[in-house]
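The block underneath contains the structure these notes are about, expressed in structure tokens.
The values are calculated or read from the model by the stated rules, or taken from the named source; none is laboratory data. Remember, it's a predicted structure, so these values are computed and weren't measured experimentally. Here Cβ is always computed from backbone atoms with ideal geometry, including for glycine, and neighbour counts include all displayed protein chains.
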């Protein structure tokens, strides 16, 4: 798995709705002070834990090298894992790809990343 990439889960609608002058500013940035992200190893579990009510999700693929010092790895109370949190708007130029993923018939997401990628 490439460690120079992070992922953020959103929807096509939210991606369009929360862009402001080339910056993505979702509600969590205002409500919690940061944008939730996941590593490649965490993304499938994150999708299945938090987005099980969705038919489709949009993965934003983020180049870590563009984020500077405003990315912090913090422990999640529920899982005990450290997750990356971005404490500023996400510059659209940092998003190197967008991947739409549909839920499987059983409602789960099969992201398909592994530690060998």
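Some values worked out for this structure:
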{"quantity": "Options 81, 100: the member that is touching a residue at least 24 places away in the same chain (Cβ under 8 Å) and more than 18 Å from residue 34 (Cβ to Cβ)", "calculated": "100"}
{"quantity": "Counted residues, region 52-65 - those being surrounded by fewer than 13 Cβ atoms within 10 Å (Cβ to Cβ) and within 19 Å of residue 84 (Cα to Cα)", "calculated": "1"}
{"quantity": "Residue selected from region 88-108 under the condition surrounded by 15 or more Cβ atoms within 10 Å (Cβ to Cβ) and closer than 18 Å to residue 48 by Cα, by the criterion modelled with the highest pLDDT", "calculated": "101"}
{"quantity": "Region 27-46, residues that are touching a residue at least 24 places away in the same chain (Cβ under 8 Å), touching a helix residue (DSSP H, G or I) at 6+ places or on another chain (Cβ under 9 Å) and farther than 18 Å from residue 96 by Cα", "calculated": "34"}
{"quantity": "Some residue of region 69-80 being part of a strand (DSSP E or B) and farther than 23 Å from residue 24 by Cα", "calculated": "yes"}
{"quantity": "Residues satisfying the stated conditions in region 17-26, i.e. more than 14 Å from residue 85 (Cβ to Cβ) and either touching a helix residue (DSSP H, G or I) at 6+ places or on another chain (Cβ under 9 Å) or not in a helix (DSSP H, G or I) (or both)", "calculated": "18, 19, 20, 21, 22, 23, 24, 25"}
{"quantity": "Residue check for residue 54: within 25 Å of residue 107 (Cα to Cα), over 14 Å from the mean Cα position of the chain (by Cα) and free of Cβ contacts under 8 Å to residues at least 40 places away in the same chain", "calculated": "no"}
{"quantity": "Members of region 1-16 found to be surrounded by 14 or more Cβ atoms within 10 Å (Cβ to Cβ) and outside any loop (DSSP other than H, G, I, E, B), listed by number", "calculated": "5, 6, 7, 8, 9, 10, 14, 15"}
{"quantity": "Filter result (modelled with pLDDT under 95 and either closer than 14 Å to residue 5 by Cα or surrounded by 15 or more Cβ atoms within 10 Å (Cβ to Cβ) (or both)) within region 74-87", "calculated": "81"}
